[in-house]
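*Asks:* There's a structure below that I have some questions on.
Please treat every number below as a calculation from the coordinates, not as lab data. In this text the structure is predicted, and so the values were computed from the model without any measurement. Positions of Cβ are backbone-derived with ideal geometry, glycine not excepted, and every protein chain shown enters the neighbour counts.
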Ligand code: HEM
Ligand code: SF4
């Protein structure tokens, strides 16, 4: 599947396209399919996202998992600071990245 | 310390206003990201894996207590309570919001700091010896010369769009603590027939094509320092490879042109520039020097009570001889066992600032090894200082030991990374603390980069580690035999890479070979240089 990501312009937060808007949680990401490039162009022009790009991903346990480790690190947060990730209470979260 | 004059302050304040306007226009959609990116980069604002990242310039690594306090406040106010001290003697913040960046820069400007020229193809922050002004072995304090060059290179219109980034280091002792020969220009202040001048080394660097800079001039008189630097830059600016980013650094030019031809052209340009009279008057250098005069050192205790073994170990490893015999320079390690190299919390920064004010004439320094120096500590105050550090978890006695690892941010933060570097450093320091071998190894400099850009100096590690991408999986190459010091050398790859667990084992195996083979008084590097790569390869891949 093709999911879309970028950073929030104002805050820099990593965000994912959820079909209607941009979510901080990769769990919300949807397959953009053939629409991918059109959505990116429209959203970037409207400044709803900054430097967006398409990410190859596959569904694993009901959650889109980006193919490249770099995007998985982006989705969670720094593996060396679990307290600063999006899942501070889940010690297993890092296994999903690696 | 150098104090801004009204020009410095005006320029920095004007830059904050200009950037505020640029950010407003970006947020309002009047600038596209393509238009805005070069503007934000000129102000040290990158976009990294999780957020915007801001790199703050710390000229030659010197900070006052007040500046360190502001760095701590910034960590709390605009970031997540910590900062990362880097190999370029700077500090980076990882979680900055674009909308906050102008206010942050105004806070910096209030204490004579900024993030200008910390990115882009310009002359970057100038680095120097972290023991400058304190070291027993220095000829003079190198920082006035670094400051003169900082003023010359700040907003220098001719050098704002060089073929590539440009880094200068200035030292003034034969011991090189600033990796001088791995810079685009390395300058050593030297003495000849009773006169001070500068030896120039040009064309060093790390990155994908590491090079050790050759010396192109033994002696440039001090009243021609800026002119000679300008000549070096001009020849580079004229002939540097703008066609290929990977060949654009001056090291490639000097290598391809040959040091001799490059030098010939520099000398020709230099002769021409001497006629133009671009050198600032020596009075300016003298003015700058007054800011770096010795603080009011007082005679006091010269011997240290070493009856407390923990304190004694810290003194032995983390303090360095000072030019005044009642003082030492003390190194605060930012490398606790299992910690993140170079990271400091805001509370730690505040404490270091307070300790600097109390015990070191209000001065601290960022080391390129990602630690902090209190340059002038009275021997009589050492135990009190150590007690405070120890209680705050800042008393790790590991300067230049295997646990004192340089690690770049790697894939945990950096968008260019192939692999994570921080977790590898954490596992190595934990391994060597747990098996007790760490204490038996002596000086062993271990340096890790998460990609070929070599921000973690892996080419210059006694042991270096380079993260690579092997079909989407993190993989690590092992390198041996590098040095960034006066005996500079480039490390060589041992052979095929290792996975995450494998690289930690491989480092231990390497250390074991050293422990087996070393002769009296030999450091790891000495043993490697004597016995060569073969015994290590045998043990690693055998
Ligand atoms: C996370 C953001 C960073 C980015 C995007 C970045 C980018 C780069 C790049 C592209 C190079 C190679 C330049 C070339 O060879 O032409 C480089 C080199 C270097 N960087 Fe970084 N870097 C980052 C962080 C750091 C940090 C945190 C440090 C200090 C710990 C650092 C210090 C250096 C040094 C010392 C070199 C090699 C020396 C040289 O050849 O100039 N960088 N960096
Ligand atoms: S060496 Fe590579 S991974 Fe490490 S900070 Fe530099 S660019 Fe990033």
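*Asks:* What list of whole percents do you get for P(r) of segment B:50-93, with Cα-Cα distances grouped in 5 Å bins up to the one holding the largest distance?
*Replies:* Reading upward from the zero bin: 6, 22, 34, 26, 10, 2, 0.
*Asks:* Under a point spin-label approximation (7 Å from Cα along Cα-to-Cβ), what is the residue A:34-residue B:453 distance to one decimal in nm?
*Replies:* Modelled inter-label distance: 3.9 nm.
*Asks:* Continuing with this model, one more query. With a Förster radius of 30 Å, plug the Cβ-Cβ distance of residue B:192 and residue B:313 into 1/(1 + (r/R0)^6) and report the FRET value to the nearest 0.05.
*Replies:* Computed FRET efficiency for residue B:192 and residue B:313 comes out at 0.15.
*Asks:* Then there's this: Determine, for B:167, B:445, the number of other Cβ atoms within 10 Å of each Cβ, and report the residues in order from fewest to most.
*Replies:* Values: B:167 21, B:445 24.
So the residues, fewest neighbours to most, are B:167, B:445.
*Asks:* For segment B:406-541, what proportion of DSSP beta bridges, expressed in % and rounded to the nearest 5, is antiparallel? Please list the in-between numbers first.
*Replies:* On the way: 12 of 18 bridges.
Percentage antiparallel, nearest 5: 65.
*Asks:* If you take the square roots of the eigenvalues of the alpha-carbon gyration tensor of chain A and sort them as a ≥ b ≥ c, do you get rounded (a/c under 1.5), prolate (a/b over b/c) or oblate? Mind dumping the intermediate values first?
*Replies:* Working: a/c = 2.32, a/b = 1.46, b/c = 1.58.
Oblate, since a/c reaches 1.5 and b/c is not below a/b.
*Asks:* Another one. Counting only DSSP beta bridges with both residues in segment B:465-540, tell me the antiparallel percent, nearest 5.
*Replies:* Numbers: 10 of 10 bridges.
Antiparallel bridges: around 100 percent, rounded to the nearest 5.
*Asks:* Compute the angle between helix A:36-45 and the longest alpha-carbon principal axis of chain A, please, reported from 0 to 90 degrees and rounded to the nearest 10.
*Replies:* Long axis of A:36-45 versus the principal axis of chain A: about 80 degrees.
*Asks:* Shape verdict for chain B, please, from the Cα gyration tensor: rounded (a/c under 1.5), prolate (a/b greater than b/c) or oblate.
*Replies:* Rounded.
*Asks:* Quick check on the exposure proxy: order B:245, B:323 from fewest to most C-beta atoms within 10 angstrom.
*Replies:* Ranked by crowding around the Cβ, least crowded first: B:245, B:323.
*Asks:* What does the extension gain come out to for residue B:27 and residue B:437, with contour length at 0.36 nm per residue minus their alpha carbon separation?
*Replies:* Full extension of this stretch gives 142.2 nm more.
*Asks:* Please list, in order, the residues from segment B:350-372 whose amide nitrogen is less than 17 Å from a point placed 7 Å along the Cα→Cβ vector of residue B:384.
*Replies:* Taking a point 7 Å out along Cα→Cβ of residue B:384, the residues of segment B:350-372 whose backbone N falls under 17 Å are B:351-363.
*Asks:* Something else now. At 0.36 nm per residue, minus the direct Cα-Cα distance, what do residue B:538 and residue B:246 gain on full extension? Give it in nm, one decimal, please.
*Replies:* 101.7 nm
*Asks:* So, one more: Please give the FRET efficiency for residue A:51 paired with residue B:261, using the beta carbon to beta carbon distance and R0 = 51 Å, rounded to the nearest 0.05. Numbers along the way, then the final one.
*Replies:* Values: r = 42 Å, r/R0 = 0.82.
Taking R0 as 51 Å, the efficiency between residue A:51 and residue B:261 is 0.75.
*Asks:* Quick check for you: which residues of segment B:18-38 have the amide N under 18 Å from the point 7 Å beyond the Cα of residue B:161 toward its beta carbon?
*Replies:* B:34-38
*Asks:* How many percent of Cα pairs in the protein assembly as shown exceed 49 Å?
*Replies:* More than 49 Å apart: 11 percent of the Cα pairs in the protein assembly as shown.
*Asks:* Using a/c under 1.5 as the rounded threshold, could you call segment B:406-541 rounded, prolate or oblate? The axes a ≥ b ≥ c are square roots of the C-alpha gyration tensor eigenvalues, and prolate needs a/b larger than b/c, oblate otherwise. Write down the numbers at each step before the final one.
*Replies:* Numbers: a/c = 1.66, a/b = 1.52, b/c = 1.09.
Note, shape of segment B:406-541 comes out prolate.
*Asks:* For a bin width of 10 Å, list the pair-distance distribution of segment B:441-500 built from all Cα-Cα distances, rounded to whole %.
*Replies:* Answer for segment B:441-500: a P(r) of 27, 52, 18, 3 percent.
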